[in-house]
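First up is the structure itself, then whatever we jot down about it.
The values are calculated or read from the model by the stated rules, or taken from the named source; none is laboratory data. Note that the coordinates shown come from a computational prediction; the quantities given were computed from them, not determined experimentally. Neighbour counts are summed over all protein chains in view; Cβ atoms, including those assigned to glycine, are modelled from backbone coordinates with ideal geometry. Surface accessibility is based on the protein's heavy atoms, side chains included, excluding ligands, DNA and RNA. Shrake-Rupley method; radii C 1.70, N 1.55, O 1.52, S 1.80 Å.
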Amino acid sequence: MLYIKNGTIIDPVRDITYKADLQIEDGRILRILKEGEALDKELPENVQVIDESGLMVAPGLADTHVHFRDPGFTYKEDIHSGAAAAVRGGFTQIVLMANTKPPVDNVETLFYVLEKGRRTGIHIASCVNVTRQMAGKELVDMEELAKAGAAGFTDDGIPLMDEELVRKAMKQARRLHKPISFHEEDPALIVNNGVNSGKAAAYYGIEGSPREAEISLVKRDLELALQTGAEVVIQHISSKEAVKLVRRAKAQGAHVHAEATPHHFTLTQEAVIEKGTLAKMNPPLREEEDRMAIIEGLKDGTIDLIATDHAPHSREEKERPITQAPSGIIGLETALSLGIRELVEPGYLSYGKLIHAMSTAPCRLYKLHGGKIEEGAAADLVLFAPKERWTVSEFASKSANSPFIGEALPGVVHYTICGGNIVYQRND
C-alpha cells in the first residue's frame, strides 16, 4: 500500500488542480481524499507514505513516439536503458517505433520487443511497420500483427511515397481500429536532411531540407484520411503550413492527430548554427513563426499529442560533419521540463492541458491504461516539483545527444509510480 499526502493533483480530463491525498492499493487508486476529508480508519503499519508538500501529482506520462534501438542498435539504447530514461522523465507508458534491425514487420520481432518491455516495470507497447522491411512496396500482414499486440502502424524514419499503398494501408488500419502514423518528408525535395533550407543551411553551405517536403506529404495524407476515415497521426510536425492543414482537416471531420516534439516548440534553426549536429533532426528545426504556430496548435487542440521522438545516437556518430551525422536527439528526460518552461510558464497552456497532451490524449488514441486520476484508475503517476530547477548534464539513457546540455530547467521529477510501485525516486 502507498499513501501520497499533501499533493496538488492535476486532473487533465477536467483541466483542474486541487489538493488531495491518494490512497493506493493493489496497483490502483483506492481513494482520493480532498482537503477536509479523513480516512475511515488508520493506515496499516506497512503502508509507505510519501509526504512532500509542493509536489504536483499527475497521471504518468505517455510517449507514443520513441526509439529504443532494440534489436539491432543497442550500443545507442536498449529497452532497459530506455525505460530507465523514461521513468526519470516521469513516463509510465511508451510506444516504440519499428525501425529497428530487423524491423518490427513480423510477429517474432514484435514478441521479442514486448517481452523485454514486460521486464522493465513500466508499460511498453510497440508499433509495427506498414511495409515489409520498410521498403515501401508491400504491406505487412497488418491483421496478424494487430492480433499479436501491435499498438499501431508506422514506417517512421522513411516516408511512404506510393499513394495507393498508403490508401490501402489506411483502410486496413481503420478496419483493425489501429492508428497509422506518417513521417512526412518527401525525399525528392530534400538535398541535405536534418537542416532547414534557409539560414541554417546557408551557414553550413548546403541546400538543406525545405518546408515543402513536409507540406506536400501532409496535404496528401490528410486528403487520404478524409477519404478513408482512418485514425491518422501526422508525426513530429515542424511547419506552420502543416499545422494549418491539420486544423482544416480536423474541421472537415478527418480522424487526424498531430504530434509536437518538445524540440520543435522550443528551438529554431538558430540552434543548429549554435549546437551543430546536436540540433540536427528530421524534420528539421525551422523558423520562429513555425515554432509559434506549433504552440498555437497546441493551444487550440489542432496538435493533440506531445511526443519526444526520443532518438539516441552515439557520441562518435554525432561528432561527424553536419551532412554525415545522423539526425535525432534524446528527449524523455527533458520533455516535462521543456513543456513547463515553454508552454506553462509563459501562459500558453495550463498544467491540465500540458498533461492532457503528454498523457491523456496519447493513452486514449492508443487505447492504453492511464491518463487520468480517479478512484479505481491504475496508479500510474508522476510526482514533480514544478518550480524546482535542475541542470541537464548526465542521463539515464545510454546516449547524450541533447542540445539542452548545460541548461537549468524547471520541473524536477521526484517519483514515478507504475502499477502502484515506485519505479523511480530522486535521491538528491
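Please go through segment 1-17 and give me each residue that is surrounded by 14 or more Cβ atoms within 10 Å (Cβ to Cβ) and within 12 Å of I373 (Cβ to Cβ), ordered by number. Quick ask: steps written out before the conclusion?
Taking segment 1-17 as the starting set, the residues that turn out to be surrounded by 14 or more Cβ atoms within 10 Å (Cβ to Cβ) are 1-13, 15, 17.
Passing the criteria: I4, G7, T8, I9, I10, D11, P12, V13, T17.
Every residue in segment 24-40 that is without any contact (Cβ under 8 Å) to a residue 24 or more places away in the chain and either surrounded by 10 or more Cβ atoms within 10 Å (Cβ to Cβ) or of a type outside the set (D, E, K, R) (or both), please.
Of the residues in segment 24-40, the ones without any contact (Cβ under 8 Å) to a residue 24 or more places away in the chain are 33-40.
Of everything in segment 24-40, those that are without any contact (Cβ under 8 Å) to a residue 24 or more places away in the chain and either surrounded by 10 or more Cβ atoms within 10 Å (Cβ to Cβ) or of a type outside the set (D, E, K, R) (or both) turn out to be L33, K34, G36, E37, A38, L39.
Quick test for you: out of Q252, Q269, pick the one residue that is buried (at least 23 other Cβ atoms within 10 Å of the Cβ), on the phi < 0 side of the Ramachandran plot and of a type in the set (S, T, N, Q). I'd like the intermediate steps shown before the answer.
Numbers: Q252 fails: buried (at least 23 other Cβ atoms within 10 Å of the Cβ).
Of the residues listed, the single one that is buried (at least 23 other Cβ atoms within 10 Å of the Cβ), on the phi < 0 side of the Ramachandran plot and of a type in the set (S, T, N, Q) is Q269.
Could you check segment 370-412 and list, in sequence order, the residues that are β-branched (V, I, T) and in contact with an Asp or Glu (Cβ under 9 Å, 6 or more places away or on another chain)? Outline the logic, then answer.
In the first step, residues of segment 370-412 are kept if they are β-branched (V, I, T); the result is 373, 382, 391-392, 405, 412.
Listed by number, the residues that qualify are I373, T391, V392, V412.
So K353 clears everything in (1) in contact with a strand residue (DSSP E or B) (Cβ under 9 Å, 6 or more places away or on another chain); (2) in a helix (DSSP H, G or I) except one condition, right? Which one?
(1)
Looking at A279, A293, A325, which is the one that is open to solvent by 10 Å² or more (accessible area, probe 1.4 Å), over 29 Å from T8 (Cβ atoms), modelled with pLDDT of 95 or more and in contact with a helix residue (DSSP H, G or I) (Cβ under 7 Å, 6 or more places away or on another chain)? Explain how you work it out, then say what you get.
Details: A279 fails: open to solvent by 10 Å² or more (accessible area, probe 1.4 Å); A325 fails: open to solvent by 10 Å² or more (accessible area, probe 1.4 Å).
Exactly one of A279, A293, A325 is open to solvent by 10 Å² or more (accessible area, probe 1.4 Å), over 29 Å from T8 (Cβ atoms), modelled with pLDDT of 95 or more and in contact with a helix residue (DSSP H, G or I) (Cβ under 7 Å, 6 or more places away or on another chain), namely A293.
Among the residues of segment 202-222, count how many are part of a helix (DSSP H, G or I) and without any contact (Cβ under 8 Å) to a residue 12 or more places away in the chain.
In the first step, residues of segment 202-222 are kept if they are part of a helix (DSSP H, G or I); the result is 202-204, 211-222.
The next check asks that each one be without any contact (Cβ under 8 Å) to a residue 12 or more places away in the chain; those that pass are 202.
Going through segment 202-222 one residue at a time, the tally reaches 1.
Can you give me the number of residues within segment 167-201 that are touching a helix residue (DSSP H, G or I) at 6+ places or on another chain (Cβ under 6 Å), among the hydrophobic types (A, V, I, L, M, F, W, C) and not in a helix (DSSP H, G or I)?
Looking only at that region, the number is 4.
Of the conditions (1) surrounded by fewer than 22 Cβ atoms within 10 Å (Cβ to Cβ); (2) closer than 21 Å to P312 by Cα, H263 fails just one. Which one is it?
For H263, the failing item is (1).
I'm trying to understand the selection: among the residues of segment 296-310, which are assigned to a loop (DSSP other than H, G, I, E, B) and either open to solvent by less than 10 Å² (accessible area, probe 1.4 Å) or touching a Cys at 6+ places or on another chain (Cβ under 6 Å) (or both)?
Result: T302, I303, A307, T308.
Name every residue in segment 7-43 that is assigned to a strand (DSSP E or B), within 29 Å of the chain's Cα centre (by Cα) and of a type in the set (A, V, I, L, M), in order of residue number.
Of segment 7-43, the ones assigned to a strand (DSSP E or B) are 7-11, 16-25, 28-34.
Filter once more, so that each one left must be within 29 Å of the chain's Cα centre (by Cα): 7-11, 16-25, 28-30, 32.
Answer for segment 7-43, where residues must be assigned to a strand (DSSP E or B), within 29 Å of the chain's Cα centre (by Cα) and of a type in the set (A, V, I, L, M): I9, I10, I16, A20, L22, I24, I29, L30, I32.
Rundown of residues vs (1) closer than 18 Å to Y424 by Cβ; (2) open to solvent by less than 50 Å² (accessible area, probe 1.4 Å); (3) in contact with a Lys or Arg (Cβ under 7 Å, 6 or more places away or on another chain); (4) not acidic (D, E), yes/no style:
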residue: T64; (1), (2), (3), (4): no, yes, no, yes
residue: H67; (1), (2), (3), (4): no, yes, no, yes
residue: G82; (1), (2), (3), (4): yes, yes, no, yes
residue: G90; (1), (2), (3), (4): yes, yes, no, yes
residue: K101; (1), (2), (3), (4): no, no, no, yes
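Under the condition of being open to solvent by less than 10 Å² (accessible area, probe 1.4 Å) and over 25 Å from V256 (Cβ atoms), which residue from segment 331-372 is farthest from the chain's Cα centre (by Cα)?
Going through the qualifying residues, I end up with I340.
So, of the residues in segment 103-122 that are in contact (Cβ under 8 Å) with a residue 12 or more places away in the chain and open to solvent by 70 Å² or more (accessible area, probe 1.4 Å), which turns out to be nearest to Y415 (Cα to Cα)?
R119
Of the residues that sit in segment 44-62 and are modelled with pLDDT of 95 or more and part of a loop (DSSP other than H, G, I, E, B), which one is surrounded by the most Cβ atoms within 10 Å (Cβ to Cβ)?
Once the filter is applied, the top-ranked residue is G60.
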